[in-house]
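Colleague: Shown below is the structure under consideration.
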Amino acid sequence: MNKKVFLVAMAGLLCSKGLLAEEQPRSFVGEEVVVSATKTLNSIADAGGSSVTVVTAAEIRKSGKSTVEEVITGTLGIDVVSNGGLGTQTSIFMRGADAKNVLVLVDGVPFNDPSDPNGAANIANLTVDNIERIEIVRGPVSVLYGSHATAGIINIITKQGKGKPEFTIGAEGGAYGTWKAYGSAMGKIDALRYSVNLARLKSDGFSNVDQRNPLILHPANTADKDGYSNTTLSTNFGYQLSKNVDLSSVLRYADASADLDGSYKYTDSKELAGRVALRVNTDPVTNTLYYNYSSKDRQYYENSALKTATYKGYVNEVGWQADAALPSNNTVTVGADIQNEKMDNWSAASSYAPVSAINMSADLKSVFVQDQWHVSDFNLVAGLRYDDHQLFGGKTTYRVAPSFKFGDMLLKFSYGTGFRAPSLYELYNPVSGNSMLNPETSKGWDAGLEQRLSDNFKLGSTYFCTDYTDLISWVLTDPATYDGKYFQVSGITKTCGVESFIEWNPASSAFLTFSHTYTEIDAISPVSEARRPKHKIGMSGSWKVTPKLTLNTKMDWVGKRKEVYASDLNGNPVTSLDSYFLANVSASYKLKPNVELYGRIDNVFDKYYEEVWSCATPGRSAYAGVKVTF
């Protein structure tokens with residue numbers, strides 16, 4: 001579908017008489033409450049000049065999607081790229097930056113993988129089960145979160161128990177032999193609050209090698225379906241020890257396996273993220289002591305019996321944070337933490353590489369201070385951080401983010417610096433590692449305006465620009481063997497662009513959003529431009545037709561993207577990927593107060609596209625399910 005059809009379809013939704021109904025399905029940008037922008041509870045409007053997007057539990061439910069990857073795809077300023085079907089490598093690019101510059105958190109626990117070549121987060125196995133909201137902060141926030149947060153963060157926050165006990169069971173199924181079963185329990189009993197969810201997702205899948213691409217080779221052993229399975233347990237417990245003391249813990253564990261095409265035939269993955277925190281409120285100061293732990297264990301097999309590679313990554317973090325509510329609308333936050341990253345990788349000898357074994361770790365000690373100042377319609381957030389890296393010594397970063405509200409207009413600005421230490425793989429891999437690497441540094445700023453034109457119409461636009469210095473990039477050194485090495489890229493890699501949105505609440509039952517992201521990348525290394533579109537347009541709508549029936553739609557147009565290190569079956573280099581348009585629809589129906597039917601159709605027009613050259617994507621696919629609450 002071309003751009004004209006996209007705009008016509010969007011106009012049809014905007015003009016539909018059916019939008020004139022009742023009950024508002026969501027709130028405007030700025031009204032949501034977040035913690036990730038300042039590490040304290042705030043509305044977005046009070047978080048200074050931060051650029052924040054919140055994906056709520058209601059929006060996740062209405063989408064009908066099963067994975068975080070699917071939910072955040074198309075979000076303002078974010079590009080998500082997958083190497084095939086469920087369970088394949090999935091990368092997040094934010095504001096044009098590399099995936100390694102985006103920090104992913106699960107309830108504040110670092111989810112990036114120390115055993116990954118770039119230390120990036122692979123969200124392929126993150127399902128939406130038990131998620132309360134997803135907070136996305138765009139722009140450098142190293143001042144709060146340290147290394148990896150040079151482009152921004154994504155914080156996935158699980159549900160907390162409250163109210164009377166509630167139990168939910170559900171099942172769904174659909175295209176590609178996909179089915180899912182899940183159950184949850186949540187509530188509050190005296191001082192104990194709890195939220196527990198267990199889910200099993202399984203799919204026969206489709207071949208990860210794109211069978212519809214006539215310009216690639218199609219060996220017989222790549223035509224089979226590549227299946228996937230995922231069992232996820234998520235828990236969130238809290239206990240009020242006294243009026244001023246609270247103990248909480250969260251845990252998320254996923255056991256997943258995926259069939260692959262290529263040198264590896266399938267992979268088993270086990271992922272764990274956990275946190276224990278003790279909060280003591282001695283008004284006006286609240287102290288929090290916490291311990292975070294995450295682990296990734298990825299096993300790769302050449303066949304059912306021959307293991308050919310193991311990648312294990314671990315993060316241990318102990319920290320303290322104090323929040324002081326001072327007079328004159330002033331909140332000061334001070335924090336300190338010690339973090340240890342460890343990788344334990346092994347791979348068997350092959351025709352292009354010898355046996356490889358890496359068992360390395362690095363410590364990072366950090367302190368930071370942040371001040372939030374609120375005076376009438378003026379908000380200022382400013383922070384300073386010092387990191388002491390075991391290998392690279394001391395690094396100082398800072399950020400300032402003011403905003404000013406003038407009537408119905410909000411002006412915002414932020415400027416921040418960041419650093420990213422080389423990953424353990426980049427430093428120590430015996431084939432491609434480079435022990436002479438230094439940390440990357442960055443300086444980024446953005447300036448934006450948001451205007452409410454009426455009670456039900458709001459728009460905004462933000463210009464952003466970030467300079468990355470000493471960027472680390474993998475460079476192909478031997479095309480015959482496909483060997484490469486990590487090098488420091490001289491000069492500055494610059495990512496700039498504009499993020500724009502329109503939100504319209506034409507009636508109390510309907511909500512429409514339109515977004516456009518323009519990204520311009522000036523990079524020396526072609527890897528830093530790959531698979532990121534210059535233009536991306538999105539539109540979503542939700543309409544509560546009756547008290548029982550809700551309809552939703554989401555449409556995305558993604559422009560042409562550059563490709564790197566790819567060639568067709570004739571050996572000709574492939575340097576670009578075509579633009580594409582996707583339309584998804586979903587619906588839910590309350591059969592009874594405690595019984596909900598739901599379904600969705602993805603890629604309604606069965607459009608052919610690739611996010612990565614030669615890697616398949618799903619065609620038109622339908623799914624349906626039922627959920628019972630009691």
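The values are calculated or read from the model by the stated rules, or taken from the named source; none is laboratory data. Model, not experiment: these values are computed from the prediction. Heads up, the Cβs are rebuilt from the backbone with ideal geometry, glycines too, and the neighbour counts pull from every protein chain shown. These accessible areas exclude ligands, DNA and RNA; they are computed on the full protein's heavy atoms, side chains included. Shrake-Rupley method; radii C 1.70, N 1.55, O 1.52, S 1.80 Å.
Colleague: Considering only residues that are in a strand (DSSP E or B) and either more than 23 Å from Val102 (Cα to Cα) or without any contact (Cβ under 8 Å) to a residue 40 or more places away in the chain (or both), which ones fall in the range 448-458?
Modeller: Answer for the range 448-458, where residues must be in a strand (DSSP E or B) and either more than 23 Å from Val102 (Cα to Cα) or without any contact (Cβ under 8 Å) to a residue 40 or more places away in the chain (or both): Leu449, Glu450, Gln451, Arg452, Leu453, Ser454, Phe457, Lys458.
Colleague: Report whether or not Glu132 is among the acidic types (Asp, Glu), in a strand (DSSP E or B) and either open to solvent by 10 Å² or more (accessible area, probe 1.4 Å) or at pLDDT 95 or above (or both). First the steps, then the outcome.
Modeller: Details: among the acidic types (Asp, Glu): yes; in a strand (DSSP E or B): yes; either open to solvent by 10 Å² or more (accessible area, probe 1.4 Å) or at pLDDT 95 or above (or both): yes.
For Glu132, the condition - among the acidic types (Asp, Glu), in a strand (DSSP E or B) and either open to solvent by 10 Å² or more (accessible area, probe 1.4 Å) or at pLDDT 95 or above (or both) - is met.
Colleague: Right, something else. Residues in the range 613-621: is at least one touching a strand residue (DSSP E or B) at 6+ places or on another chain (Cβ under 8 Å), under 24 Å from Tyr182 (Cβ atoms), open to solvent by 30 Å² or more (accessible area, probe 1.4 Å) and in contact (Cβ under 8 Å) with a residue 12 or more places away in the chain?
Modeller: Taking every residue of the range 613-621 in turn, at least one turns out to be touching a strand residue (DSSP E or B) at 6+ places or on another chain (Cβ under 8 Å), under 24 Å from Tyr182 (Cβ atoms), open to solvent by 30 Å² or more (accessible area, probe 1.4 Å) and in contact (Cβ under 8 Å) with a residue 12 or more places away in the chain.
Colleague: For the range 290-304, which residues satisfy the criterion of being within 30 Å of Leu278 (Cβ to Cβ) and open to solvent by 20 Å² or more (accessible area, probe 1.4 Å)?
Modeller: Scanning the range 290-304 gives Tyr290, Tyr291, Tyr293, Asp297.
Colleague: To continue, here is another question. So Ser461 fits all but one of (1) under 29 Å from Met343 (Cβ atoms); (2) modelled with pLDDT of 95 or more; (3) of a type in the set (S, T, N, Q); (4) out of contact with any helix residue (DSSP H, G or I) (no Cβ under 7 Å at 6 or more places or on another chain); what number is the exception?
Modeller: It fails just one condition, (1).
Colleague: Related question: Looking only at residues that are surrounded by 20 or more Cβ atoms within 10 Å (Cβ to Cβ) and of a type in the set (Gly, Ala, Ser) in the range 500-531, which one is nearest to Ser63 (Cα to Cα)?
Modeller: Here the residue is Ala510.
Colleague: Test of understanding: among Lys544, Lys534, which residue is within 22 Å of the chain's Cα centre (by Cα) and open to solvent by 20 Å² or more (accessible area, probe 1.4 Å)?
Modeller: Working: Lys544 fails: within 22 Å of the chain's Cα centre (by Cα).
From the options Lys544, Lys534, the qualifying one is Lys534.
Colleague: Using the structure shown, decide if Trp346 is open to solvent by 60 Å² or more (accessible area, probe 1.4 Å), of a type in the set (Phe, Trp, Tyr) and at pLDDT below 95. Break it down stepwise before answering.
Modeller: Values: open to solvent by 60 Å² or more (accessible area, probe 1.4 Å): yes; of a type in the set (Phe, Trp, Tyr): yes; at pLDDT below 95: yes.
Criteria met by Trp346.
Colleague: Give me the residue from the range 249-289 that is open to solvent by less than 20 Å² (accessible area, probe 1.4 Å) and among the polar types (S, T, N, Q) and, out of that set, farthest from Val318 (Cα to Cα).
Modeller: Thr267
Colleague: Quick one: in the range 349-371, which of the residues that are in a strand (DSSP E or B) and open to solvent by 70 Å² or more (accessible area, probe 1.4 Å) is modelled with the lowest pLDDT?
Modeller: Ala357
Colleague: Search the range 37-83 for residues being in contact with a Pro (Cβ under 9 Å, 6 or more places away or on another chain) and in a helix (DSSP H, G or I), and hand back the single one that is most open to solvent (accessible area, probe 1.4 Å). Working first, answer last.
Modeller: If we filter the range 37-83 for residues that are in contact with a Pro (Cβ under 9 Å, 6 or more places away or on another chain), which is where we start, we get 48-49, 58-59, 62, 79.
Filter again for in a helix (DSSP H, G or I), leaving 58-59, 62.
Details: Ala58: 37, Glu59: 54, Lys62: 36 Å².
Result: Glu59.
Colleague: I'd like to know if the range 318-325 contains one or more residues that are closer than 30 Å to Asn244 by Cβ, open to solvent by 70 Å² or more (accessible area, probe 1.4 Å) and in a loop (DSSP other than H, G, I, E, B).
Modeller: Residues of the range 318-325 that are closer than 30 Å to Asn244 by Cβ, as a first pass: 318-325.
Filter again for open to solvent by 70 Å² or more (accessible area, probe 1.4 Å), leaving 318, 320.
Restricting the remaining residues to those that are in a loop (DSSP other than H, G, I, E, B) gives none.
No, there is no match, as no residue in the range 318-325 is closer than 30 Å to Asn244 by Cβ, open to solvent by 70 Å² or more (accessible area, probe 1.4 Å) and in a loop (DSSP other than H, G, I, E, B).
Colleague: Return the residues of the range 476-499 that are assigned to a strand (DSSP E or B), touching a residue at least 40 places away in the same chain (Cβ under 8 Å) and surrounded by fewer than 17 Cβ atoms within 10 Å (Cβ to Cβ); say none if nothing qualifies.
Modeller: Leu476, Asp483, Lys485, Gln488
Colleague: Please determine, by comparing only the residues of the range 223-267 that are assigned to a strand (DSSP E or B) and over 23 Å from Asn125 (Cα atoms), which one is nearest to the chain's Cα centre (by Cα).
Modeller: Ser248
Colleague: Can you pull out the residues in the range 372-397 that are more than 21 Å from Pro114 (Cβ to Cβ), open to solvent by 60 Å² or more (accessible area, probe 1.4 Å) and part of a strand (DSSP E or B)? Before you say what the answer is, go through the steps one by one.
Modeller: Step one: list which residues in the range 372-397 are more than 21 Å from Pro114 (Cβ to Cβ), which gives 372-384, 386, 394, 396.
Filter once more, so that each one left must be open to solvent by 60 Å² or more (accessible area, probe 1.4 Å): 373, 375-378, 384, 386, 396.
Across the range 372-397, the qualifying residues are Trp373, Val375, Phe378, Leu384, Tyr386, Thr396.
Colleague: Collect the residues in the range 170-197 that are closer than 30 Å to Thr617 by Cα and surrounded by fewer than 17 Cβ atoms within 10 Å (Cβ to Cβ), keeping them in residue-number order.
Modeller: Hits for the range 170-197 are Ala171, Gly173, Gly177, Trp179, Ala181, Gly183.
Colleague: So if I check each of Tyr589, Tyr598, Tyr609, which one is closer than 29 Å to Gly497 by Cβ and of a type outside the set (Asp, Glu)?
Modeller: Values: Tyr589 fails: closer than 29 Å to Gly497 by Cβ; Tyr598 fails: closer than 29 Å to Gly497 by Cβ.
Result: Tyr609 is the single residue among Tyr589, Tyr598, Tyr609 that is closer than 29 Å to Gly497 by Cβ and of a type outside the set (Asp, Glu).
Colleague: Let me ask something else about it. Take the conditions within 17 Å of Asp79 (Cα to Cα), among the small types (Gly, Ala, Ser), in a strand (DSSP E or B) and open to solvent by 10 Å² or more (accessible area, probe 1.4 Å) and apply them to Ser461. Does it pass?
Modeller: Criteria not met by Ser461.
Colleague: Shifting gears a bit: Could you tell me which numbered condition Ile78 fails, if it satisfies all but one of (1) of a type in the set (A, V, I, L, M); (2) under 13 Å from the mean Cα position of the chain (by Cα); (3) modelled with pLDDT under 95?
Modeller: Tallying (1) of a type in the set (A, V, I, L, M); (2) under 13 Å from the mean Cα position of the chain (by Cα); (3) modelled with pLDDT under 95, Ile78 fails exactly one: (3).
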